[in-house]
1. Looking only at segment 103-161, which residues are under 16 Å from residue 88 (Cβ atoms), among the small types (Gly, Ala, Ser) and in contact (Cβ under 8 Å) with a residue 40 or more places away in the chain?
2. If I ask for residues that are open to solvent by less than 60 Å² (accessible area, probe 1.4 Å), modelled with pLDDT of 95 or more and among the β-branched types (Val, Ile, Thr), which ones from segment 128-170 would you list?
3. If you scan segment 96-127, which residues turn out to be more than 29 Å from the chain's Cα centre (by Cα) and either open to solvent by less than 50 Å² (accessible area, probe 1.4 Å) or not β-branched (Val, Ile, Thr) (or both)?
4. For segment 76-102, give me each residue that is without any contact (Cβ under 8 Å) to a residue 60 or more places away in the chain and among the acidic types (Asp, Glu).
5. Collect the residues in segment 51-78 that are under 21 Å from residue 35 (Cα atoms) and surrounded by 15 or more Cβ atoms within 10 Å (Cβ to Cβ), keeping them in residue-number order.
6. Scanning segment 1-50 for residues that are modelled with pLDDT under 90, over 25 Å from residue 75 (Cα atoms) and open to solvent by less than 50 Å² (accessible area, probe 1.4 Å), which turns out farthest from the chain's Cα centre (by Cα)?
7. Examine segment 136-148 for a residue that is in contact with a Pro (Cβ under 9 Å, 6 or more places away or on another chain) and of a type outside the set (Ser, Thr, Tyr), and state whether such a residue exists.
Amino acid sequence: QINLSNQYIVNNTPTTIEVVLRGPRNSIIKLRSESLQATLDLGHIEVGTQEVPIHFTPPTGMTIVSQNPATVSVTADRYAVKEIAVSARQLGTIPIDYGIKDTKIVPSTVAISGAKKLVDKVSKAVIDVKMDDRKKDFTTNGNIVLLDSSGNIVDGLTVTPYQGSAVITM
């Protein structure tokens, strides 16, 4: 990828393409796939899905017989960053004669970043806390999970930091 503005994020870019080359036998024998490079010029990308040509320049003295694919359909969105509070999501139940006195989450906020469409979906960040039969104070560590307003997990974003702790006082 070249010329991609830092205001955008792009999905669906290929990691490999297939190219058939013609050239002198000695040159082809010495050729290593690691030395070949194809590029996507994303300098004119816009929000949405669009076809972008894949540019491949053959080594000196060689010609391209075929290239697959010649273009790729990419999806672009604006890059967004948002800070969001982290809370504890209680899983299970504590005994009926016990209660939670205090919950402290570290970190209290995280930065989420990625495609604006996904960042806008996130309504909360949580650390799952297993509560079944807890009777004493405890600390639990875990990954921070991003949820939409319906409680569904939102994947595909970077969470910084991606782990945290919940200190529960019973």
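1. Within segment 103-161, 125 is the sole residue that qualifies.
2. Correct list: 144, 145, 154, 159.
3. Looking only at segment 96-127, we keep the residues that are more than 29 Å from the chain's Cα centre (by Cα), and these are 96-103.
If the condition is that a residue be more than 29 Å from the chain's Cα centre (by Cα) and either open to solvent by less than 50 Å² (accessible area, probe 1.4 Å) or not β-branched (Val, Ile, Thr) (or both), then 97, 98, 99, 101, 102 are the ones that fit.
4. Scanning segment 76-102 gives 83, 97.
5. 54, 56, 58, 62, 67
6. 27
7. Going residue by residue through segment 136-148, those that are in contact with a Pro (Cβ under 9 Å, 6 or more places away or on another chain) are 144.
Of the ones still in play, those that are also of a type outside the set (Ser, Thr, Tyr) are 144.
Within segment 136-148 (the criterion being in contact with a Pro (Cβ under 9 Å, 6 or more places away or on another chain) and of a type outside the set (Ser, Thr, Tyr)), the answer is yes, since at least one residue qualifies.
The values are calculated or read from the model by the stated rules, or taken from the named source; none is laboratory data. Fair warning: this is a prediction, and the values are worked out from it, not measured in the lab. Here the Cβ is made from the backbone with ideal geometry for all residues, glycine too, and neighbour counts use every protein chain on show. We work out accessible area using only protein heavy atoms, side chains counted, and drop any ligands, DNA or RNA first. Shrake-Rupley method; radii C 1.70, N 1.55, O 1.52, S 1.80 Å.
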